[in-house]
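Encoded as structure tokens, the structure appears first; notes follow it.
The values are calculated or read from the model by the stated rules, or taken from the named source; none is laboratory data. No experiment lies behind these values; they were computed from the predicted model shown. In this analysis, Cβ positions are derived from the backbone assuming ideal geometry, glycine residues included, and neighbour counts consider all displayed protein chains. The accessibility values were calculated without ligands, DNA or RNA, using every heavy atom of the protein model including side chains. Shrake-Rupley method; radii C 1.70, N 1.55, O 1.52, S 1.80 Å.
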Amino acid sequence: EIARFGLELFYDNILRGTDGVRHRRKVLNEFLNITDVPPTDGADIVTTIDVNMQALAERSVINKLKEIDGNVGVAIVMEVKTGDIKAIVNMERCNDGQYREIKNHAVTDLIEPGSVFKTVSVMAALEDGVCDTTFMIPTGNGIWHVYGRDLKDSHWRTGGYGTISLGKAMEVSSNIGIGYMADKFYHNNPEKFVKSVYRTGINNPNIRIPIDGHAVPRIRMPKRLPNGQYQNWSKTALLWMAFGYETQIPPIYTLTFYNAIANNGVMMQPRFVKEAVKNGEVVATYPPEVVKGSEHIASDKTIKITQDLLRRVVTNGTGKKAYSDNFWVCGKTGTAMIASNGSYRAANHLLTFAGWFGEKDNPMYSCIVCIQKTGLPAFGWMSGEVFKTIAEGIMAKYVKYDITDARDYQSIIS
């Protein structure tokens, strides 16, 4: 048996045994098969997946897809301290209307992340020291005519947010707020901004995904020509990049970044396999591992401010649907119009929530939920609701808070 994809392909040399050698000999007019070297069995791998969390996440995603008529749903649950992948869900609507796993969207899809990328941009600016969260931004009536384009906030129809702080811009997910900040401090040196984005580790080339065919993030670096002009870099490129366009990032990388914030700035390798076992004996172990070069994705101060911002998003802002009275939740919503190239087709929206949950000073699990749907309504909080269902189910089962509070408690106690 030859592995063709997934973990089986990555660990094929361990899983596959060795062929035996035999020859045929004619004895008394009959051919006998005589074994010279017997075949050997391969080892088995022990994955990090928790079957209960996997079932819970799968059920939560499918229920929401049915409810909002979604096309594709992804959810990944990661253990904060180890990077262990406890659940990975990829559901896609088939021609018969049923949802099945067809493709590993969580690791293969190159998608514009939308507003979940704002966390990267704000962290880059905080780390560079160009501003803090009290920096005031004139978002006006929600429409900013800048460099010949209209940049709009989600509340532009109702008059916008007026002048708000950078912190408030994160809470309400203001495109103008984050774009204005990037343009003010990096307009003449967009390379500095992109280098600072790279420093957060979201596209660290040392992140290893042991699944064949996985995609790697694409975050453009501006190229300045000898005449001082930029090649293939418009005046608005920096602004749009700051709030999640002009970049393409697979969900697994976005989650790895958010997990690092929860883990106080230490980025863990996404771990899918713990060990290999053969004949009851452990023949190889794969311990938790820090991503080289991302041991500290930012200073302690920047990490703390970012954690607080992502808490405020859930308590006061666009992430309220993910809030729970029973445990600590931090995270960020994202809604992006999806370009027509790639697996998400034109006129589609990508709805994302990325964050973590657990105790205030002991985040236990990070999670990302991405839902792709055609047409409106389309809001990032829809994925926030899935995040909350998964979080409540996990916390009810593993941390034993009052189980009746969990939306999915019937399936947990059955």
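Give me the 1.4 Å probe accessible area per residue for the range 87-128, excluding ligands and nucleic acids, in Å².
Roughly 32 Å² per residue, with all protein chains present.
To the nearest 10 square angstrom, how much accessible area does Thr389 have with a 1.4 angstrom probe?
My reading of the accessible area for Thr389 is about 20 Å².
Just the accessible area per residue of the range 278-341, please: how many Å² with a 1.4 Å probe?
I get 53 Å² per residue for this part.
Quick check: with the 1.4 Å probe, what order do Tyr258, Tyr398 take by accessible area, largest first?
Ranked from most to least accessible, the order is Tyr398, Tyr258.
Report the full-extension gain for the segment Lys278 to Val290: residue separation times 0.36 nm, less the Cα-Cα distance, to one decimal in nm.
Working: separation 12, 0.36 × 12 = 4.32 nm, distance 2.71 nm.
Gain on extension, Lys278 to Val290, equals 1.6 nm.
Counting only other residues whose beta carbon sits under 11 Å from that of Gly70, what net charge do I get with K and R as +1, D and E as -1?
+1
What figure, in Å² to the nearest 10, do you get for the accessible area of Trp233 with a 1.4 Å probe and non-protein molecules left out?
Number for this one is 30 Å².
Is the range 249-377 best put as rounded, prolate or oblate by its Cα gyration tensor, with a ≥ b ≥ c the root eigenvalues, rounded for a/c under 1.5, and otherwise prolate when a/b is larger than b/c, oblate when not?
It is oblate, given that a/c is not under 1.5 and a/b is not larger than b/c.
Over the range 154-308, what is the mean sequence separation of C-alpha contacts under 8 Å (at least six apart), divided by residue count, expressed as relative contact order in percent?
RCO, the range 154-308: 21 percent.
Taking only the C-alpha atoms, wrap a convex hull around the range 40-171 and report its volume per residue in Å³ as a whole number.
Residue-normalised Cα hull volume stands at 229 Å³.
In whole percent, how big is the carbon plus sulfur part of the accessible area of the chain, probe 1.4 Å, protein atoms only? Could the numbers behind the result be given before it?
Details: 9460 of 19090 Å².
Its accessible area is 50 percent carbon and sulfur atoms.
Suppose all protein chains stay in the model; what accessible area per residue would a 1.4 Å probe give for the range 193-256, in Å²? Don't skip to the end; give the middle numbers.
Working: 2770 Å² over 64 residues.
Normalised by residue count, the accessible surface of the range 193-256 is 43 Å².
With the cut-off at 1.5 for a/c, could you classify the range 139-229 from its C-alpha gyration tensor as rounded, prolate or oblate?
It comes out oblate by the Cα gyration axes.
Pop a pseudo-label 7 angstrom from the Cα along the beta-carbon direction at both Val216 and Asn141 and give the gap in nm to one decimal.
Taking the simple label geometry, Val216 and Asn141 are separated by 4.7 nm.
For Arg199, Arg220, Arg157, give the ranking by accessible area with the largest first, probe 1.4 Å.
Descending accessible area places them as Arg157, Arg199, Arg220.
Taking the mean number of other Cβ atoms within 10 Å as a proxy for protection, how do you rank 49-58, 119-128, 298-307 from highest to lowest?
My ranking of the peptides, most packed first, is 119-128, 49-58, 298-307.
Here is the link list: Lys86/Lys118; Lys86/Lys332; Lys235/Lys373. Which ones come out longer than 24 Å on Cα distance?
Among Lys86/Lys118; Lys86/Lys332; Lys235/Lys373, the Cα-Cα distance tops 24 Å for Lys86/Lys118; Lys235/Lys373.
Between Gln98 and Asn29, what length in nm is gained on full extension when 0.36 nm per residue of separation is reduced by their alpha carbon distance?
19.0 nm
Grab the other residues whose beta carbon is less than 9 angstrom from that of Lys103, score K and R as +1, D and E as -1, and report the net.
On the way: positive: none; negative: Glu92, Glu101, Asp109.
So the surrounding residues net to -3.
Can you send over the solvent-accessible area of Cys330, 1.4 Å probe, protein chains only, in Å² to the nearest 10?
The accessible area of Cys330 comes to roughly 0 Å².
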